[in-house]
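Visitor: There's a structure below that I have some questions on.
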Amino acid sequence: MRKLFTGSTGLKALIFSSITAILVAQNPTTMYPVVRGTHYMVGAGNNLAVAAGSRILEQGGNAVDAGVAATLAAAITEMDHFGLGGEMPLIIKMNGLPVNIIAGVGPAPKLATVDFYSKRKPEPFEDPKNYPPIPGNGILAATIPGVFDGLMLALEKYGTMSFEQVVQPALEYTKGFPLPEIFSTYIRTTEPIFKPWPASMKFFEPNGFIPKRGDMFSEPDMTRTLQALIQAEQKTKGKRTAKIEAVRDYFYRGPIAKKIGQFNQDNGGLIRFEDMAAYHAEIDEARTTTYRGYTIVKPGFWTQGPVMLEALNMLEGYDLKAMGHNSPKYLHTVVEVAKLAFADRDRYYGDPKFSKIPEDVLLSKGYAESRRKLIDADHASMESRPGDFGGPMAMPQSKTPSPAADTTCVNAVDKWGNVFSATPSGAWLPSVIAGDTGIPLGTRLQTLLTVPGHPNTLEPGKRPRVTLSPTMVLKDGKPFLALSTPGGDNQDQALLQVLLNILDFGMSPQEAAEAPRFQTEHFYASFANHEFVPGKLNLEGRIPRETVEALGKLGHKVNVTGPWGNGSAPTVIKMENGVYEGAADPRRGRFIYGY
C-alpha cells in the first residue's frame, strides 16, 4: 500500500477520490457530527446544561435526575430564553411503565380578569394607539411560575437523587459562567423594555453596563435563593420524597412565594402569595395517535401538542415518500395539512379544566379522513378552517406582529432506558426580576384571549394554552425517539418535519434535524396580538428555486429566508437496538452528548 501511494499523481488522486466516495456514501455529510452512545445521552440548548445532565448521569442518577439538573442549569444559563419563573410540559417514560405527562404550567392569578385588562393603560414599551388587551411583556403578563413545581414533582415521583444533588451544577453556575453570545445579545436588544425595573437592571447589568459575550456572569440573588431551597431540604427529616416536598413548600408556600407576591403587589402586578400557595403541578394523561406502526406521544390540549397528532392522522393517508422529499407536491400537502390542524388549535384548544374539548373527535382517524377532503392539490387555502362541530367563533383581528417569544429544550435517556423530554420556557428576556429572589417572572399570560366563550379565554386560575410541545415516539411500546425544540408556534411544524424525515424518508436524526424546512404562518399567533397571516409560507433558502416558484403558482405567499432561517432548533435522541443516536440542530447552536 505504501508503494501504491508513492506512484503517479493521477493514481493517488484516483485512490483518494475512491476512498472519499466510499466514506461519503457511508456517512452522508451533515453540518454537525453524528453522536452515538450506549450508556446515556443528553440534549439541551447549550453546553452548560448538557454538562449538568451528563454529570448527574455519571454520578449514578437516572434520566429524570439528569433532565431536572439540565433544566435547572438552563434556567440559570439560558435566561435569554427561559428562567425559573417559567413553565414546562414534560414527557416521562420509565422503563417498563406507561408514559406520563407532567403539567408544570402555572395559571392566571385570581386578579387577572378580562374586565381588568379591558381597562388597562398601555405600558411604557407599548404603542399607546395600538396595543393588545394582554401585554406581551412586563409584570402584567405574568402567570404563576410553574416549571419549578413541575421539576420537583418529576424528581419526587421518578427521580432517585435529592434536590441538593441535582441543583449543584446550577448553583455553581450562579456563581459565575462565561456569558453565551445569545444571552449577551438579548440583554442588549431588550434593555429598553426591562430598563424601568431596577431589580432587572441590577441583575442583567450588575456592573452598570451590558456584559459582553464570554464575560463571567454571576447571579448572586439566585445563589441565595438556591442555597435557601437546599437548606429547607437539609432541615427536613424523613424520606427523600418528604425532603423534596419541603423544597416545593419553601418555594410556593414559604419565603419565596411571599417575596414574589409582595413584589407584585408593590409594583402593580397581579400575583399574590395566595396564588402561589394554591398552585400544584400535576401528572396528566398522554395524548397519542398511531402513524405507520409507531405510537406518537404528546401532552394534552392545554398545549398545542395535539396539532401534530391531528396532522399525522391526516398525512397517514398519503404516500409521502412517493411524492419526494421537499418536492412541491410534498410541501404543499404537509403545509395544507398543518393549516387545518392549526385551525382546530385556534378554535378548540384550551385548559380542559375550564372547557369541554372535543378531543375524541379531533384525534380520531375518521375526522382526519374528512379533513383530508378539504385539501385542494392545486390551490393553497387562504382561510382558517376549523372543524364545524363547535359553531362559529369570533377571533382577534389584529394585523400587528406579536413580539418575539422563545424557549429551550431538554432531552435525556439513561442506561436503564428511562426517557425525559421537556420544553422548558417562559421568563425570558426582557424579564421582570422579582426583587431580590433573582427569579424572572414569565409572560405566558399573553397567550390567553379576551374573546368571550373561547376555550382559551382568560379566567382566573386558568392555564394558558402553551405552544410548548415535547414529543416521544414509541415502537412496540418502547421508546424510539425523544425530541423537543424551541420556536413558539413553529414547534410542532418543525418537529413534524423532523419526524417525517426519519419515519418516512429514513434519515438519521442529524440529517433529519438539518434538512431544509418550511414554516407556515397561516394561523392565529399564540402571542400578544394573535394576528392571522393567511397563506404566508417561509421557506429556507436551501430549498430549490424551482420548488419555490411551483409553490408560488399554487397560491402560497412564499417568503424565502436564509439557508438556516427556520426559527426552531430541536435536539433528537433515537433509541434502537441498544444504541442511542442523537442530533443537535445547528440553526441555533443546540448541544448533545452521549456516552
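The values are calculated or read from the model by the stated rules, or taken from the named source; none is laboratory data. All figures in this text were calculated on a predicted structure; none of them were measured in a lab. All Cβ positions, even for glycine, are placed from backbone atoms using ideal geometry, and neighbour counts span all protein chains on display.
Visitor: The conditions are (1) surrounded by 19 or more Cβ atoms within 10 Å (Cβ to Cβ); (2) hydroxyl-bearing (Ser, Thr, Tyr); (3) within 22 Å of the chain's Cα centre (by Cα); (4) under 15 Å from Thr77 (Cα atoms), and Thr185 fails exactly one of them. Which is it?
Guide: The number of the failed condition is (1).
Visitor: What residue, of Phe251, Phe217, is aromatic (Phe, Trp, Tyr), surrounded by 20 or more Cβ atoms within 10 Å (Cβ to Cβ), within 28 Å of the chain's Cα centre (by Cα) and more than 18 Å from Phe148 (Cα to Cα)?
Guide: Only one candidate passes the filter, namely Phe217.
Visitor: Tell me, which strands (runs of 3 or more DSSP E) lie completely within segment 482-595 with 3 or more residues that are over 18 Å from the mean Cα position of the chain (by Cα)?
Guide: 536-539, 557-560, 571-576, 579-584
Visitor: Further, regarding this structure: Looking at Asp476, is it touching a helix residue (DSSP H, G or I) at 6+ places or on another chain (Cβ under 8 Å) and among the charged types (D, E, K, R)?
Guide: Answer is no for this residue.
Visitor: While we're on this one: Within segment 332-345, is even one residue crowded, with 18+ Cβ neighbours inside 10 Å, at pLDDT 95 or above and over 21 Å from Leu495 (Cβ atoms)?
Guide: The answer is no; no qualifying residue exists.
Visitor: So which of His332, His379 is assigned to a helix (DSSP H, G or I), over 30 Å from Ala52 (Cβ atoms) and not assigned by TED's automatic domain parsing to the domain that holds Ile134?
Guide: One residue alone meets the criteria, His332.
Visitor: Restricting attention to segment 268-279, which residues are crowded, with 20+ Cβ neighbours inside 10 Å and small (Gly, Ala, Ser)?
Guide: Answer for segment 268-279, where residues must be crowded, with 20+ Cβ neighbours inside 10 Å and small (Gly, Ala, Ser): just Gly269.
Visitor: What number goes with the only condition from (1) surrounded by fewer than 24 Cβ atoms within 10 Å (Cβ to Cβ); (2) under 30 Å from Pro403 (Cα atoms); (3) in contact with a strand residue (DSSP E or B) (Cβ under 7 Å, 6 or more places away or on another chain) that Leu503 does not pass?
Guide: (2) is the only condition that Leu503 fails.
Visitor: Right, another one. Could you list, in sequence order, all residues of segment 186-200 that are assigned to a helix (DSSP H, G or I) and either farther than 14 Å from Pro440 by Cα or not aromatic (Phe, Trp, Tyr) (or both)?
Guide: Within segment 186-200, Tyr186, Ile187, Arg188, Thr189, Thr190, Glu191, Pro192, Ile193, Pro198, Ala199, Ser200 qualify.
Visitor: Just the residues that are in contact with a helix residue (DSSP H, G or I) (Cβ under 8 Å, 6 or more places away or on another chain) and within 13 Å of Pro306 (Cβ to Cβ), please, taken from segment 353-377.
Guide: Ile357, Pro358, Glu359, Val361, Leu362, Leu363, Ser364, Tyr367, Ala368
Visitor: Pairs needed: first member in segment 448-472, within 13 Å of Phe354 (Cβ to Cβ); second member anywhere, modelled with pLDDT under 95 and β-branched (Val, Ile, Thr); C-beta distance under 7 Å; at least 6 residues apart or different chains.
Guide: From residues that are within 13 Å of Phe354 (Cβ to Cβ), the pairs are Thr457/Val451.
Visitor: Quick check on segment 244-258. Is at least one of its residues free of Cβ contacts under 8 Å to residues at least 24 places away in the same chain and of a type in the set (D, E, K, R)?
Guide: Yes.
Visitor: Follow-up. Please work out which residue is farthest from Val432 (Cα to Cα), limiting yourself to segment 280-314 and to residues that are crowded, with 22+ Cβ neighbours inside 10 Å and among the aromatic types (Phe, Trp, Tyr).
Guide: Across segment 280-314, the extreme among qualifying residues is Phe301.
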